[in-house]
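What follows is a short report on a single structure.
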Amino acid sequence: MTQETGGFASLGLHPTIVAAVIATGYEEPSAIQQQSIPIILAGHDMIGQAQTGTGKTAAFALPILSRIDPSKREPQALILAPTRELALQVATAFETYAKQMPGVTVVAVYGGAPMGPQLKAIRNGAQIVVATPGRLCDHLRRDEKVLATVNHLVLDEADEMLKLGFMDDLEVIFKAMPETRQTVLFSATLPQSIRAIAERHLKEPHHVKIQTKTQTVTAIEQAHLLVHADQKTSAVLRLLEVEEFDALIAFVRTKQATLDLASALEAKGYKAAALNGDIAQNQRERVIESLKDGRLDIVVATDVAARGLDVPRITHVFNVDMPYDPESYVHRIGRTGRAGREGRALLLVTPRERRMLQVIERVTGQKVAEVRLPDGQAVLDARIRKLTNSLAPLVGDAESTHGDLLDRLTADIGCSPRALAAALLRKATNGQALTLDAVQAEQPLVPNNAPRERSTSDRPERGDRERRAPMPLGEGRARCRTALGARDGIAAKNLLGAILNEGGLAREAIGRIQVRDSFSLVELPEDGLEKLLTKLKDTRVAGKQLKLRRYRED
């Protein structure tokens with residue numbers, strides 16, 4: 001233990017901080033911690049590029065706690081996080097590391113909770129403020145001096161903040177803080193929008209980049225299955241029959257999909273719940289706590305809703321819908337296999353999404369092996385195995401405790417012990433017939449993931465598809481064109497994700513996206529269009545340049 005303790009102590013951290021870290025069970029600094037802590041301790045601005053699950057929270061929390069003055073009852077450090085869940089997680093980490101620092105107070109500032117107690121905690125001198133940008137701006141409107149004493153600023157998961165449309169809020173926060181502050185920015189990716197923020201608001205920043213493709217996913221067994229879009233729910237139900245999981249998170253793309261899939265799982269007897277941006281904060285917290293303590297086994301979530309979710313029970317991640325980009329994929333599967341634990345991640349891939357799978361493999365540097373959907377025999381074997389495991393512990397003394405009852409029941413009913421046992425099994429399985437024919441009848445999926453045949457007579461000729469008139473243009477929008485289309489493996493979600501990430505737009509600012517064989521059309525705001533197109537000029541989608549241009553309709 002001496003050697004591991006020396007690892008943290010050698011970074012220059014305050015002894016009480018080192019003691020608190022060792023007490024949590026961490027044995028040695030991670031790569032991001034080793035490189036970042038000395039830079040932050042020295043007071044330099046920094047840009048850190050690292051994925052979730054690499055220990056980046058401790059990379060900024062430990063040096064900041066070492067630099068604050070507990071005797072000063074005023075805000076000294078501000079950490080901005082994109083979501084409430086991540087803000088709470090970061091605040092909890094600060095509280096853990098500050099346990100041996102009397103007088104240090106941490107306050108989490110986020111929407112969905114009363115503003116009064118939050119502002120009171122700040123005014124009462126909480127040294128560490130962990131906040132979401134939107135709610136912090138609400139407080140600034142009440143008290144513009146609330147950040148006047150902050151000299152350490154951290155932007156955690158900055159790329160996610162821009163995807164969620166917080167660019168304007170960030171500018172307001174920057175202006176409300178002293179120019180002499182230290183600014184640290186962490187982001188999984190560094191699109192042009194993030195680089196622009198760094199150029200405007202960071203002073204000669206040091207750069208730290210962690211290659212996470214092995215650190216993040218090494219402990220996670222990854223696989224993909226080819227399915228058609230309308231088979232996804234059936235595929236998930238079949239996979240759940242054979243996968244031995246403790247807790248599981250299933251990622252989908254839309255809020256409605258979280259409700260639909262969670263409902264389908266509940267109907268099959270699984271303890272499942274949805275987690276999305278429309279769910280009230282207190283309910284979201286109950287869902288997470290229920291997943292932690294075993295009252296729930298499955299959570300169906302969107303990417304944003306699951307941000308910051310860290311539940312040790314999670315052994316499996318199902319990517320039911322393809323993520324928008326490879327970085328999101330790494331974030332998703334990072335919900336399992338954390339801190340050295342093993343995990344398993346399954347990705348459902350439709351035929352049109354194969355190219356994005358290749359991009360994910362290239363970015364992560366790992367092959368995502370293909371597996372077949374379990375056939376009827378595998379499902380039947382799994383059901384019988386579960387029944388066997390549930391009955392085996394009961395057999396030992398069953399004859400001595402219930403033998404006489406068996407004799408009486410067979411006599412009263414007038415049946416053989418075999419017939420009575422079969423009746424009890426029927427009751428135990430809720431009447432489910434454990435036969436191959438019964439399993440195949442209830443799960444009629446295309447066998448072996450075979451591509452579905454499609455009549456050419458039902459498919460329009462390519463020329464017809466290319467010549468279709470664009471849909472009517474929305475008010476205040478301009479139509480733009482890119483030469484990327486379906487033949488390039490591009491789907492609307494790929495274009496949407498790229499534009500949100502690089503353009504710094506809110507989701508509602510982007511209108512309809514029409515993907516054709518050899519090109520695509522995207523509706524963007526007319527106001528500021530040229531500036532936006534300049535921002536997007538270097539953007540790549542599925543490995544190819546986007547090259548958006550205004551579309552002139554003749």
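Screening the candidates R383, R355, R372, R362 for the property of being in a loop (DSSP other than H, G, I, E, B), modelled with pLDDT under 90 and among the basic types (K, R) yields one hit, R372.
One residue stands out among those in the range 491-507 that are within 15 Å of R540 (Cβ to Cβ) and of a type outside the set (A, V, I, L, M): the one that is modelled with the lowest pLDDT, which is N501. Of all the listed residues (R200, R195, R181), the sole one being within 16 Å of G503 (Cα to Cα), over 18 Å from the mean Cα position of the chain (by Cα) and of a type in the set (D, E, K, R) is R195.
Applying the condition of being crowded, with 17+ Cβ neighbours inside 10 Å and more than 23 Å from the chain's Cα centre (by Cα) to the range 152-168 and asking which residue is nearest to V304 (Cα to Cα) yields L153. Counting only helices (runs of 4 or more DSSP H) that fall entirely inside the range 51-141 and contain at least 1 residues that are outside the structural domain of A9 (by TED's automatic domain parsing) and acidic (D, E), no element qualifies. With respect to being surrounded by 15 or more Cβ atoms within 10 Å (Cβ to Cβ) and over 25 Å from I220 (Cα atoms), G396 falls outside the description. Kindly provide the set of residues from the range 537-554 that are at pLDDT 85 or above, surrounded by fewer than 20 Cβ atoms within 10 Å (Cβ to Cβ) and assigned to a loop (DSSP other than H, G, I, E, B), ordered by number. If the condition is that a residue be at pLDDT 85 or above, surrounded by fewer than 20 Cβ atoms within 10 Å (Cβ to Cβ) and assigned to a loop (DSSP other than H, G, I, E, B), then K547 is the only one that fits. Scanning the range 178-193 for residues that are outside any strand (DSSP E or B), in contact (Cβ under 8 Å) with a residue 40 or more places away in the chain and touching a Ser or Thr at 6+ places or on another chain (Cβ under 9 Å) yields A188, P191, Q192.
Restricting attention to the range 10-26 and to residues that are over 12 Å from P63 (Cβ atoms) and in contact (Cβ under 8 Å) with a residue 24 or more places away in the chain, the residue that is surrounded by the most Cβ atoms within 10 Å (Cβ to Cβ) turns out to be A20.
Going through (1) at positive phi; (2) surrounded by 12 or more Cβ atoms within 10 Å (Cβ to Cβ) one by one, G431 falls short only on (2).
Do we find a residue being farther than 25 Å from R195 by Cα, in contact with an Asp or Glu (Cβ under 9 Å, 6 or more places away or on another chain) and modelled with pLDDT of 85 or more anywhere in the range 479-490? Looking through the range 479-490, at least one residue is farther than 25 Å from R195 by Cα, in contact with an Asp or Glu (Cβ under 9 Å, 6 or more places away or on another chain) and modelled with pLDDT of 85 or more. Of all the numbered requirements in (1) farther than 23 Å from L533 by Cβ; (2) at pLDDT 80 or above; (3) in a helix (DSSP H, G or I), A438 misses one, and that requirement is (2). Looking across the range 196-213, the residues that are surrounded by fewer than 17 Cβ atoms within 10 Å (Cβ to Cβ) and farther than 19 Å from P133 by Cβ come down to E199, K203, E204, H207, K209, Q211, K213.
One residue stands out in the range 91-118 among those that are free of Cβ contacts under 8 Å to residues at least 60 places away in the same chain and closer than 14 Å to R73 by Cα: the one that is surrounded by the fewest Cβ atoms within 10 Å (Cβ to Cβ), namely P102.
Just checking, does the range 409-418 include any residue being within 38 Å of the chain's Cα centre (by Cα), more than 29 Å from V304 (Cβ to Cβ) and not aromatic (F, W, Y)? No: the range 409-418 contains no residue that is within 38 Å of the chain's Cα centre (by Cα), more than 29 Å from V304 (Cβ to Cβ) and not aromatic (F, W, Y).
The values are calculated or read from the model by the stated rules, or taken from the named source; none is laboratory data. Computed from a prediction, not measured in an experiment: that's the story for all the values here. So basically every Cβ, Gly included, is an ideal-geometry build from the backbone, and we count neighbours across all protein chains shown.
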